[in-house]
1. Which one of the conditions (1) modelled with pLDDT of 95 or more; (2) at positive phi does Gly124 fail to meet, given that it meets all the rest?
2. Is it true that Ser92 is over 25 Å from Asn19 (Cβ atoms) and either aliphatic (A, V, I, L, M) or not assigned by TED's automatic domain parsing to the domain that holds Leu40 (or both)?
3. Going residue by residue through the stretch 8-22, is there one that turns out to be modelled with pLDDT of 95 or more, at positive phi and either surrounded by 15 or more Cβ atoms within 10 Å (Cβ to Cβ) or not aromatic (Phe, Trp, Tyr) (or both)?
4. Here are Arg82, Arg61, Arg38, Arg15: which of them is closer than 16 Å to Cys132 by Cβ and within 14 Å of the chain's Cα centre (by Cα)?
5. Being β-branched (Val, Ile, Thr) and surrounded by 17 or more Cβ atoms within 10 Å (Cβ to Cβ) is the filter; apply it to the stretch 60-90 and report the residue that is farthest from Leu40 (Cα to Cα).
6. Checking the structure you have, find out if any residue of the stretch 34-41 is farther than 29 Å from Ala20 by Cβ, modelled with pLDDT of 95 or more, in contact with a strand residue (DSSP E or B) (Cβ under 9 Å, 6 or more places away or on another chain) and not hydrophobic (A, V, I, L, M, F, W, C).
7. Please go through (1) over 21 Å from Thr12 (Cα atoms); (2) assigned by TED's automatic domain parsing to the domain that holds Phe10; (3) in contact with a Gly (Cβ under 8 Å, 6 or more places away or on another chain) for Glu55 and return the number of the only condition it doesn't satisfy.
Amino acid sequence: MSLTDPVADFLTRVRNAINARHQKVDVPLSKLKVEIARILKDEGYIANYKSTEEEGRKVLRVYLKYTADSSSPISQLKRISRPGCRVYVGHSEIPRVLGGLGINILTTPKGVMTGRQARKEKLGGEVLCEVC
């Protein structure tokens, strides 16, 4: 099975796992997905992640995080730039998510980072997704 948009697949699997109240979710491994998971962990949206191998396949296992009332810190995961319609922005045009309450994840020449970091380092790039 070939995926045309592995990042959208990753976001959808996480979204579905949160809706089903799963503790963890496995996705096929890629460097970009590991970077997105790293940012989600650093920003406090997921509990942890690790790359493992299961049945000969490399997978990224994402451990989801829930509050005491079993709600997730992630209320919305939205893909912005898609293979059919790429969205590139300069550092001054990076959109704020929910007035700064959420984050967006960008790929920049210096790697994958949040919109806040990219604005600080004056880097533009491709807006992958919004998390809030």
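1. Against the list (1) modelled with pLDDT of 95 or more; (2) at positive phi, Gly124 comes up short only on (2).
2. It is true that Ser92 is over 25 Å from Asn19 (Cβ atoms) and either aliphatic (A, V, I, L, M) or not assigned by TED's automatic domain parsing to the domain that holds Leu40 (or both).
3. If we filter the stretch 8-22 for residues that are modelled with pLDDT of 95 or more, which is where we start, we get 8-22.
Checking the rest, the ones that are also at positive phi come to 21.
With the extra rule that they be either surrounded by 15 or more Cβ atoms within 10 Å (Cβ to Cβ) or not aromatic (Phe, Trp, Tyr) (or both), the set shrinks to 21.
Looking for residues that are modelled with pLDDT of 95 or more, at positive phi and either surrounded by 15 or more Cβ atoms within 10 Å (Cβ to Cβ) or not aromatic (Phe, Trp, Tyr) (or both), one finds at least one in the stretch 8-22, hence yes.
4. Values: Arg82 fails: closer than 16 Å to Cys132 by Cβ; Arg61 fails: closer than 16 Å to Cys132 by Cβ; Arg38 fails: closer than 16 Å to Cys132 by Cβ.
None of the other options fit; the residue is Arg15.
5. The qualifying residue farthest from Leu40 (Cα to Cα) is Val89.
6. Within the stretch 34-41, not a single residue is farther than 29 Å from Ala20 by Cβ, modelled with pLDDT of 95 or more, in contact with a strand residue (DSSP E or B) (Cβ under 9 Å, 6 or more places away or on another chain) and not hydrophobic (A, V, I, L, M, F, W, C).
7. (3)
Yes/no per residue for (1) of a type in the set (Val, Ile, Thr); (2) crowded, with 18+ Cβ neighbours inside 10 Å; (3) within 18 Å of the chain's Cα centre (by Cα):
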| site | (1), (2), (3) |
| --- | --- |
| Ser92 | no, no, no |
| Arg96 | no, no, yes |
| Met113 | no, yes, yes |
| Leu128 | no, yes, yes |
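The values are calculated or read from the model by the stated rules, or taken from the named source; none is laboratory data. Just so you know, these numbers come straight off a predicted model, no measurement behind them. Reconstructed Cβ throughout: ideal geometry from the backbone, glycine too, with neighbour counts over all protein chains shown.
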